[in-house]
Amino acid sequence: LYIAMGWAVIFSFKTLVASVPSQGVAFLIAGDGELFPQIKRRIKDKNLESKVHLLGYRSDLYNVYAASDLFVCPSRTEALSFALLEAMSYGLPLVATDVGGNSDVINEDSNCGLLVTPGNTLALSSAIMQLYEDKPLYENYKQGALACVKDKFSLDITARKTLDIYKNITTQQK
């Protein structure tokens, strides 16, 4: 957990947590880093320990994805987030900030989630609530996530695209 990951979104969890039913909803935050102690303290200060679970470093993220219904990426900076692609492979709809390569993944073609302005915790909370309340949209994004990661980001397709780039470069050099 570093500044680039948009950890300040935790400050809006109090409002978000208050707006969803008390049973069956929890926020899981996986990762470790220099801000871990500060975030842990903030969760405690805001009295959110029962709803916001700071998991720390996990070598078994597949278990976290499998236990989740939605993936949120509140980064302030990002290239192409492999975490987004991993989450999509588990059929998780996405809510992410519109930075870096996130818009290459989440767009009208992929139909797999919602993009919000970086640092806008109200927009992030609203997007999460929209997917929580709109079950048909949620299901649509769930199917979109699975289809997009299979059709655009599978190992075969990624390898073929990379090979095409190398072929193009070597052809231009001749």
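Odds and ends about this structure:
- Using every pair of distinct Cα positions in the chain, the Kirkwood expression returns a hydrodynamic radius of 17.2 angstrom.
- Potential lengthening between GLU139 and TYR57 on full extension [0.36 nm per residue; Cα-Cα distance subtracted]: 26.6 nm
- With contributions of -39500 (n - 2.57) from each DSSP H run of at least four residues, the per-residue ellipticity at 222 nm computed over the chain stands at -14500 deg cm²/dmol.
- Fully extended contour minus Cα-Cα distance, from LEU155 to ASP69, at 0.36 nm per residue: 28.5 nm
- Carbon and sulfur %, accessible surface of the range 66-166 computed with the full protein complex present, 1.4 Å: 56
- Shape category assigned to the range 118-174 from the gyration tensor of Cα positions, a/c cut at 1.5: oblate
- A 1.4 Å probe run over the protein chains yields, for the chain, 59 Å² of accessible area per residue, whole-number rounding.
- In sequence order, the range 91-100 has phi-based couplings of x, 8, x, 10, 10, 9, 7, 7, 10, x Hz under the Karplus curve 6.51 cos²θ - 1.76 cosθ + 1.60, θ = phi - 60°, and Gly or Pro positions carry x.
The values are calculated or read from the model by the stated rules, or taken from the named source; none is laboratory data. For clarity, every value in this text was computed on a predicted model and none was experimentally measured. Side chains included, ligands, DNA and RNA excluded: accessible areas come from the protein's heavy atoms. Shrake-Rupley method; radii C 1.70, N 1.55, O 1.52, S 1.80 Å.
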